[in-house]
Amino acid sequence: MKNKVNAQAALSTLVCLLPILLGLVVYDKLPAQVPIHFDINGVADNFAPKAIACFLLPAGLAIGNLLVHFIMSADPKKANVNNVIRTVGLWAIPVSSLIFVPITIFKSMGYGVPVTTIASLLVGLLFLIIGNYMPKSRQSYTVGIRLPWTLDNAENWNKTHRFSGFVWVLGGLAVIVNAFIGNVYIMLAVIVLATVLPIVYSYLLYRKQTYNKDEE
């Protein structure tokens with residue numbers, strides 16, 4: 001198992017670094033400053049020297065990827081994490097590097113890459129996958145709705161994640177549809193609701209459980 005984890009960490013880190021090859025190929029064609037961040041409308045709002053975008057950015061993502069692997073492998077309850085959600089968590093950064101570093105490079109070269117649409121589709125897909133498997137994930141210190149009352153009570157955890165799975169799937173569908181509409185308020189509403197509703201639900205459930213226990 002340890003060798004498998006190490007191999008996956010090495011492979012995913014290599015994937016993070018692959019965009020460096022593209023950077024080397026087109027480096028001389030890039031402007032001195034390239035966009036490294038885009039606003040909600042897909043307009044570049046932050047720039048950096050091309051060396052940072054081509055080399056330092058993938059390297060930073062590779063380091064972040066190794067950190068994620070270390071944290072997830074060190075979780076005492078890692079066996080409780082659903083395998084699909086674990087895989088998504090371990091490969092989110094490598095896939096992001098493989099997609100968004102090239103987008104940054106191509107945008108700086110004048111290509112009309114629909115950044116907002118691509119980002120929205122990926123976020124929506126992520127919501128759908130995670131939401132679908134949330135109810136199947138047991139208590140964990142690294143993955144899930146990790147609150148004091150969910151970690152303390154398995155029933156609260158399970159009910160919260162069934163509810164959250166429903167919310168995230170609906171949110172994912174809304175974000176995917178919105179990718180072709182481009183309404184920023186829909187995106188913001190989904191993110192806020194997907195974050196707040198599970199917390200509120202789990203806390204109300206905790207209060208109800210505490211009240212019932214006191215009544216006994």
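In table form, for the structure just shown:
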item: Selection status of N80, outside the structural domain of R207 (by TED's automatic domain parsing), within 30 Å of Y211 (Cα to Cα) and either modelled with pLDDT of 95 or more or over 16 Å from the mean Cα position of the chain (by Cα) (or both); result: yes
item: Among (1) closer than 28 Å to L188 by Cβ; (2) surrounded by fewer than 18 Cβ atoms within 10 Å (Cβ to Cβ); (3) in contact with a Pro (Cβ under 6 Å, 6 or more places away or on another chain) - the single one N41 does not satisfy; result: (3)
item: Output for segment 84-111, where each listed residue is touching a helix residue (DSSP H, G or I) at 6+ places or on another chain (Cβ under 8 Å) and among the β-branched types (V, I, T); result: V84, I85, V88, I93, V95, I99, V101, I103, T104, I105
item: Residue list for segment 1-50, filter: under 30 Å from A74 (Cα atoms), modelled with pLDDT under 90 and outside any helix (DSSP H, G or I); result: M1
item: Test set (1) modelled with pLDDT of 90 or more; (2) part of a loop (DSSP other than H, G, I, E, B); (3) surrounded by fewer than 16 Cβ atoms within 10 Å (Cβ to Cβ) - Q139 fails condition number; result: (3)
item: Pair list, Cβ < 8 Å and 6+ apart or interchain, from segment 87-115 residues that are in a helix (DSSP H, G or I) and surrounded by 15 or more Cβ atoms within 10 Å (Cβ to Cβ) to residues that are modelled with pLDDT under 90 and among the polar types (S, T, N, Q); result: G89/T142; L90/Q8
item: Residue within segment 39-61 that is within 30 Å of R138 (Cα to Cα) and either under 17 Å from the mean Cα position of the chain (by Cα) or assigned by TED's automatic domain parsing to the domain that holds H161 (or both) present; result: yes
item: Residue within segment 56-77 that is among the charged types (D, E, K, R), out of contact with any Cys (no Cβ under 8 Å at 6 or more places or on another chain) and in a helix (DSSP H, G or I) present; result: no
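To keep it simple, each residue is scored yes or no on (1) over 26 Å from P114 (Cβ atoms); (2) more than 19 Å from the chain's Cα centre (by Cα); (3) outside any helix (DSSP H, G or I).
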site: L128; (1), (2), (3): no, no, no
site: G131; (1), (2), (3): no, no, no
site: R146; (1), (2), (3): yes, no, yes
site: T150; (1), (2), (3): yes, yes, no
site: W157; (1), (2), (3): yes, yes, no
site: V190; (1), (2), (3): no, no, no
site: R207; (1), (2), (3): yes, yes, no
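The values are calculated or read from the model by the stated rules, or taken from the named source; none is laboratory data. These numbers come from a predicted model, not from an experiment. Using ideal geometry, Cβ is built from the backbone for each residue, glycine included, and neighbour counts are taken over all protein chains shown.
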